[in-house]
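Structure first, then comments.
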Amino acid sequence: MAAPRGSVFTKNDYAYVELRDRILTGVLPAGSVLPQGRLAQEIGVSTTPLREAVRRLAAEGLILLEAHRDARVAEVTAAEARHLYEVRASVDPLAASLAASRRTDEDLEQLHRAEADLRPLGGNATLDALIAHREFHRSIYRASGNPLLVDILERLWDKADRYRMVALETRRDSEEDSRRVAKEHRQIAAAVESGDADAAAQAMRVHIDKSLGRRAIAALEAGDSRA
């Protein structure tokens with residue numbers, strides 16, 4: 001799982017976050033070999049924390065580790081983008097429904113803080129904006145009260161982050177997109193707060209259907225058709 005910003009305390013965590021950011025932003029392109037010695041120097045850590053970061057990212061599917069071969073950044077594919085979307089289209093609404101049924105006052109406080117921190121994913125979108133988006137969804141996952149579901153969704157989010165970047169590289173959110181997404185977030189939060197499980201699930205379903213993950217599928221399939 002991604003370490004939240006501001007909570008990196010160890011060299012291992014620092015190396016993990018730095019290496020992950022380089023993969024997500026395309027500084028280390030899909031399919032490229034990881035120059036681990038050089039990366040350790042650039043990040044400012046020894047090779048031991050760097051190797052641990054590589055192992056963690058391999059477990060998340062962002063890096064490929066094969067016997068007797070160099071570590072490589074995993075490729076992005078239309079098939080994986082679609083698989084991620086199909087699973088999230090089922091489990092995210094479930095999490096929202098459970099959150100509406102089980103949320104506590106503390107859960108609602110965290111949800112309100114996360115909603116207030118959201119930033120548009122427009123022309124100047126940054127990783128911090130994506131992280132804020134994740135924190136909003138994470139607050140709903142945690143409110144579900146189902147640790148197994150939270151773990152599944154966190155892992156899915158880790159794998160889906162690169163596809164969000166693919167979508168944003170293809171087309172940044174317009175002002176209309178930003179207004180729509182903000183409205184969807186308000187509707188999800190309001191349904192969770194009111195305790196309306198059906199409305200929360202439906203609002204989340206609509207949000208996932210128009211998500212960056214869905215946009216990434218179209219972009220990658222278009223690329224495949226031109227190949």
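Here's a check for you: in the range 169-182, which residue that is assigned to a helix (DSSP H, G or I) and not acidic (Asp, Glu) is nearest to residue 112 (Cα to Cα)?
The selected residue is 182.
Step by step: first the residues of the range 97-113, then only those that are more than 19 Å from the chain's Cα centre (by Cα) and basic (Lys, Arg), then the one that is most open to solvent (accessible area, probe 1.4 Å). Which residue is that?
Step by step, filter the range 97-113, then rank; the result is 102.
Could you give me the residue pairs with C-beta distances under 6 Å whose first residue belongs to the range 42-60 and is surrounded by fewer than 21 Cβ atoms within 10 Å (Cβ to Cβ), whose second residue is of a type in the set (S, T, N, Q) wherever it lies, and which are 6+ apart or on separate chains?
Listed pairs, sorted by first residue: 52/12.
Restricting attention to the range 183-227, and to residues there that are in a loop (DSSP other than H, G, I, E, B), in contact (Cβ under 8 Å) with a residue 40 or more places away in the chain and not acidic (Asp, Glu), which single residue is surrounded by the fewest Cβ atoms within 10 Å (Cβ to Cβ)?
195
Yes or no: the range 141-153 includes at least one residue that is open to solvent by 20 Å² or more (accessible area, probe 1.4 Å) and not in a helix (DSSP H, G or I).
Taking every residue of the range 141-153 in turn, at least one turns out to be open to solvent by 20 Å² or more (accessible area, probe 1.4 Å) and not in a helix (DSSP H, G or I).
Does the range 127-140 hold any residues that are open to solvent by 50 Å² or more (accessible area, probe 1.4 Å) and either over 13 Å from the mean Cα position of the chain (by Cα) or over 17 Å from residue 211 (Cα atoms) (or both), and which are they?
Of everything in the range 127-140, just one residue is open to solvent by 50 Å² or more (accessible area, probe 1.4 Å) and either over 13 Å from the mean Cα position of the chain (by Cα) or over 17 Å from residue 211 (Cα atoms) (or both), namely 128.
Every residue in the range 164-185 that is modelled with pLDDT under 90 and under 20 Å from residue 141 (Cα atoms), please.
Answer for the range 164-185, where residues must be modelled with pLDDT under 90 and under 20 Å from residue 141 (Cα atoms): just 164.
Can you tell which of 65, 94, 118 is open to solvent by 20 Å² or more (accessible area, probe 1.4 Å), without any contact (Cβ under 8 Å) to a residue 60 or more places away in the chain and out of contact with any Lys or Arg (no Cβ under 7 Å at 6 or more places or on another chain)?
65
The values are calculated or read from the model by the stated rules, or taken from the named source; none is laboratory data. Here the structure is a predicted model, which is why all the values come from computation and not from measurement. For neighbour counting, all protein chains shown are included, and Cβ atoms are generated from backbone atoms with ideal geometry for every residue, glycine included. In case anyone asks, the SASA skips ligands and DNA or RNA and just uses the protein heavy atoms, side chains included. Shrake-Rupley method; radii C 1.70, N 1.55, O 1.52, S 1.80 Å.
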